[in-house]
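Below is one structure; the comments refer to it alone.
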Amino acid sequence: MIGRRTVLAGAAASAFAAPALAAAKPKVVVIGGGFAGVAAARELQRQGVAVTLVEPNPTYIACPFSNEVLVGLRELSAQSFGYDAVRRQGVAIKRASVTGVDPTAKRLTLSDGSKLNYDRAVLTPGIDINFTGLKGYDEAASEFLPHAWKAGPQTNLLRRQLEAMDDGGVVLISAPANPFRCPPGPYERASLIAWWLKTHKPRSKLIILDAKDAFSKQRLFQNGWTALYPGMVEWVGLSSGGKVIEVDAKARTLITDFGKHTGAVVNVIPPQRAGKIAQAAGAADRTEWCPIDPVSFESKLLTNIHIVGDACIAGGMPKSAFSANAQAKACATAVAALLRGQPAPPVKLINTCYSLMSPTYGISVAGVYAPANGLLTDVPNAGGTSPLDAPAAVRASEAAYAQAWFKTITAETFG
């Protein structure tokens, strides 16, 4: 299994040293100021590329560890990060949204009416909630049954609903079919909510209605639920009627082919797709995600535009903050090479994902990925998961590693 102390260093393994660019610097625009966008912009600047980061918000609210916010282990303010350090490094920051992309002219139109020309662009739009993908669940319904899959007001809304619930109430979580942001996220959320219920409302129960028959770290999660929360967590997979096909928001009811489930608190994690600007630019295919070249991360649909992070089709590599960070560094290196007239260097990328099942019980999975058959593919025997039979001390260490990972990646990205 990959060493915990080396994983972030490994994420930068693709960032090969390169000579400085010529004095007349090519222009690169990075769209989106999350983990992927900021990592790409900073790496491009380090490699001598003139780079502008386009992001409408003054702060970024991180999704990793937002499940802790739901159960009072941290506040949303601990998830918020600014861009002062990025600006000090020399990255130009434009506070605006991209409203149009002209790949032929290599020009962006911004929400303030201005335009930005580029030699190459890096698109990091993240995900959008697909409010057309689940009958009865639209933006208005999310104010009754929050998704909380974009950290922010929805996170605090779900927290308030949990706090207001009577002891003995049922919490429902619906998990979508793949692909979606953070594959282990619904099950970490269920675990931490179960911890909170056990502590504050022990007569309550949590049911996960799942559109899949298998999920990330499944045996680790299920073993943990048995050990930590016996009789409190029920998982209903696809073949047992877990797929939610319709939502009645006002009745707090989820409808499956097998029946109806009503909860005191209902967390709907709906289908997702690449962020809005990717759809508008024509970077997404019929799957509503963005196909890319797995070496350069250049779009297979648009020339001179590269896509990294949750929006891209990355094969076996999951949609996670760690993946986004690793992809961004590799993409920045590829862009710098291409601007010099050199081929994009080969890549081998790492992802590590920690999940908390309680404040002192952590589990993890790690993988290594390399291009094969046009996709990023798992390197056999190069990753691993936490052992199934680990003692409590190991689980506590993994929980501490998780906290350290979050501090490290946020400091590296935004600090």
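Do you know the relative contact order of the chain, to the nearest whole percent, from alpha carbon pairs under 8 angstrom that are 6+ apart?
Once normalised by length, the contact order is 20 percent.
If I fit a long axis through the Cα atoms of helix 321-339 and take the longest principal axis of the Cα atoms of the chain, what angle between them do I get, 0 to 90°, rounded to 10?
10 degrees
When the expected Rg is taken as 2.2 N^0.38 Å, what fraction or multiple of it is the alpha-carbon Rg of region 200-350?
Relative to the rule-of-thumb radius for its length, region 200-350 sits at 1.39.
Place a +1 charge on the Cβ of each Lys and Arg in region 208-326 and a -1 charge on the Cβ of each Asp and Glu, then give the dipole magnitude about the Cα centre in debye, rounded to the nearest 20.
180 debye
Calculate the dipole size of the chain relative to its Cα centre from +1 charges on Lys and Arg beta carbons and -1 charges on Asp and Glu beta carbons; express the result in debye to the nearest 20.
So the dipole magnitude of the chain works out to roughly 780 debye.
Check which residues have an amide H placed less than 5 Å from residue 272's amide H, if you skip close sequence neighbours.
Amide H neighbours of residue 272: 130.
Only counting other Cβ atoms within 10 Å, I'd like 119, 166 sorted with the fewest neighbours first.
Going from least to most buried by this count: 166, 119.
Residue farthest toward the positive end of the dipole of the chain, with Cβ of Lys/Arg at +1 and Asp/Glu at -1: which of 170, 33, 194?
33
Given contacts defined as C-alpha pairs under 8 Å and at least six residues apart, what's the relative contact order of region 141-268, whole-number percent?
Reported as a whole number, the value is 33 percent.
Relative to the longest principal axis of the chain, what angle (0 to 90°, nearest 10) does the C-alpha long axis of helix 218-228 take?
Long axis of 218-228 versus the principal axis of the chain: about 40 degrees.
Working out 0.36 nm times the residue gap between residue 388 and residue 104, then minus their Cα-Cα distance, what length gain in nm do you get to one decimal?
Length gained between residue 388 and residue 104: 97.0 nm.
Please find, in a Gaussian network model of the chain (springs between Cα atoms separated by less than 10 Å), the residue of 207, 245, 269 whose mean-square fluctuation is greatest.
With Cα springs under 10 Å in the chain, the top fluctuation among 207, 245, 269 is at 245.
For each pair in 348/407; 27/329; 250/276; 94/115, compute the distance between the two Cα atoms and list the pairs where it is over 20 Å.
The answer is 348/407; 250/276.
Can you tell me how region 372-415 classifies by the Cα gyration tensor, rounded, prolate or oblate, using a/c under 1.5 as the rounded cut?
The shape class here is oblate.
Using the Kirkwood radius built from alpha carbon pairs, what does the Stokes-Einstein equation give as D for region 64-171 at 4 °C and 1.567 mPa s, in µm² per second?
Using the Kirkwood radius from Cα pairs, D works out to 74 µm²/s.
With equal scatterers on the alpha carbons only and no solvent term, can you work out the Debye log10 of I(q)/I(0) for region 141-268 at 0.16, 0.21, 0.22 1/Å?
-0.75, -1.38, -1.52
Apply the Karplus parameterisation 6.51 cos²θ - 1.76 cosθ + 1.60, with θ equal to phi minus 60°, to every residue of region 43-51 and state each ³J(HN,Hα) to the nearest whole Hz, in sequence, with x for glycine and proline.
Result, rounded to whole Hz: 5, 4, 5, 4, 8, x, 9, 6, 10.
Using amide H atoms built 1.01 Å from N in the peptide plane, name the residues 5+ places from residue 245, or on other chains, whose amide H lies under 5 Å from its own.
Residues meeting the amide H criterion: 255, 256, 257.
Can you give the angle from 0 to 90° between the axis of helix 153-164 and the longest principal axis of the chain, with both taken from C-alpha atoms, to the nearest 10?
The two axes meet at around 10 degrees.
As a test of the formula, what do you get for the chain when each DSSP H run with n ≥ 4 contributes -39,500 (n - 2.57) and the sum is divided by the residue count, at 222 nm and rounded to the nearest 500 deg cm²/dmol?
Dividing the helical sum by the residues of the chain leaves -8500 deg cm²/dmol.
Could you work out the relative contact order of region 251-370, using alpha carbon pairs under 8 angstrom and six or more residues apart, expressed as a whole percent?
Here the relative contact order equals 15 percent.
Using modelled amide H (1.01 Å from N, peptide plane; none on Pro or chain starts), what sits under 5 Å from the amide H of residue 92, excluding residues fewer than 5 places away?
51, 53
Can you grab the distance from the C-alpha centre of region 259-330 to the C-alpha centre of region 115-167, Å, no decimals?
Comparing the Cα centres of region 259-330 and region 115-167, I get a distance of 15 Å.
Where a number appears in this text, it was derived from the coordinates with a stated rule and is not lab data. Computed from a prediction, not measured in an experiment: that's the story for all the values here. When we count neighbours, we look across all protein chains shown, and the Cβ atoms used for this are built from the backbone with ideal geometry, even at glycine.
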